[in-house]
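What follows is a set of notes on a single structure, which appears directly below.
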Amino acid sequence: MGIQFGWGLQMANMSSIYEMLGAKESELALLWIAAPLTGLIVHPIIGYMSDRTWNRFGRRKPYFLVGVILSSLALVAMPNSSALWMAVGLLWVLDGAINIAMQPFRAFVADLVPEKQRPFAYSVQTVLIGIGAVVSSALPWILANWFGVVSDSADGGISRSVVLAFYIGSGVLFACVLYTIITTKEAPPADMEAFYRMKAERAGLLAGVKDIFASIGNMPPRMKQLAWVQLFTWAGLFSMWTYFAPAAARSVFGAVDAHDPLYAQATEWVGVCFSLYNGVALVMAFCFMALVHKISPRTIHTFSLLCGGVGLISVMFIHDSDMLLFSMVGVGIAWASILAMPYAMLAGALPEGKMGVYMGIFNLFIVIPQVIVALGSGFVVKHFLGGQSVYALALGGASMVVAAALTLRVDYVATQDALVPEAAH
């Protein structure tokens, strides 16, 4: 919940922060590249290291602690950026730190939960993620409309409601993750002698790099199938996070530029929209907790991705701000499934001793499409879409529809009593 508080503030506000500091709309995707590039580096490394860690603090928890301290400091600094280059640099720090804290959580759940309960457990995790995302996304709007915090800034920079939201988010992030660290026990490796022998045999940087690349080459078949689903899913999501705010500001609110008062209103409303899709995801997570015992995660994921794709495509036809909320319902259904079902399908196909590194490698297929979108979408929007970012959202929706079709190819079956993945073949 705490980590999602940090992500939620970033996703809803970074594009508008960049534009308030002078960025052009065609530059936004490239400026967002910090998130996927840091993930590309951090996920496999932290996953590999956490598999090989055991001390009095635990296996995954030491990484939670380091990540949350750095993330909280970066959240405080971000809204105080006085120039675009400063905000860009702080985003690199924030994303690197928050990825260190976030990456081990998927393996953390798989470590502690029996295989038959993992679909349910990941749905529970989605509930907590949803709570954090709902509140954080809407926080600037809440501060402005419920507590009278002025939306604009006296110096024409980042609005006061956004600044205060980041301060609050920093505190919530730190408190939540610290609570998990204090109250959760991790089990030591079952065979400590074998664990230390494995560490000794694979000691050193070169051995670690070789092991990570060997694991990539030996991915289980189901993981390879899910990788394609993730590629198209996250290309669509990254398009939404990058372009939804400027698209809504210009296409729906009619803002001329980032310093138009209508733009600040649009930014706050985008936060409400993002809060809604996270709220829908929260409700759907409860639904999925009941459904996973009756319906295969593959079926749930296929339907959910279709809903998300339709939701993003529909934005192209909307000119009333209230109607954006209906689009976000579809996105929320997809988001609930994205946070749980791929991992529920994947976990049973992974060797227990390499859960962390394989979860880290799997996350590469989240960040790779984001890097591609970040590097190429600005050029596409500027030269092929007439500078209209709303069309980039529609392309993101189409990408989610493709992901839904690819989900049908995943080799996964469920027993009648519980959803237990079949052996990889």
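Taking 0.36 nm per residue of separation and subtracting the Cα-Cα distance, full extension of the segment from Asp322 to Phe303 would add 4.4 nm. The alpha-carbon of Lys210 sits under 29 angstrom from the alpha-carbons of these lysines, leaving out residues fewer than 8 places away in its chain: Lys61, Lys199, Lys224, Lys354.
Taking Asp95, Asp51, Asp320 in turn, the Gaussian network model of the chain (Cα-Cα springs below 10 Å) assigns the largest fluctuation to Asp320. Between helix 2-20 and the chain there is an angle of about 30 degrees, using the helix long axis and the longest principal axis of the Cα atoms.
Rounded to the nearest 20 debye, the dipole size of region 2-407 about its Cα centre is 1300 debye, using +1 on the Cβ of Lys and Arg and -1 on the Cβ of Asp and Glu. Only one residue of Val280, Tyr343, Ser327 has its Cα farthest out toward the positive end of the dipole of the chain, where Lys and Arg carry +1 and Asp and Glu -1 on Cβ, and that residue is Tyr343.
With the charge dipole of region 1-98 set up from +1 on Lys and Arg Cβ and -1 on Asp and Glu Cβ about the Cα centre, the Cα lying farthest toward the positive end among the listed residues Gly96, Tyr63, Leu84 is that of Tyr63. Quick check: net charge around Glu25, other residues with Cβ under 11 Å of its Cβ, Lys/Arg +1 and Asp/Glu -1? Net charge in that neighbourhood comes out at 0. As a proxy for reagent exposure, Ser15, Ser136 were ordered by neighbouring Cβ count within 10 angstrom, fewest first; the result is Ser15, Ser136.
Sparsely packed loop sites in region 1-84 (the chymotrypsin sites (Phe, Trp or Tyr not before Pro) outside DSSP H, G, I, E and B with at most 14 other Cβ atoms within 10 Å) comprise Phe57.
Dividing the summed helix terms, -39500 (n - 2.57) for each DSSP H run of n ≥ 4, by the number of residues in the chain produces a 222 nm estimate of -24500 deg cm²/dmol to the nearest 500. Straightening the chain between Leu262 and Met192 buys 19.1 nm, computed as 0.36 nm per residue apart minus the Cα-Cα spacing. Could you tell me which residue out of Ala165, Ser72, Val134 lies farthest along the dipole of the chain toward its positive end? Charges go on the beta carbon: Lys and Arg +1, Asp and Glu -1, centred on the Cα centre. Among Ala165, Ser72, Val134, the one farthest towards the positive end of the dipole of the chain is Ser72.
A short reminder: the numbers here are calculations on the coordinates, not readings from a lab. Just so it is clear, the model here is predicted, and its values are computed rather than measured. Positions of Cβ are generated from backbone atoms using ideal geometry, with glycine treated the same way; all protein chains shown enter the neighbour counts.
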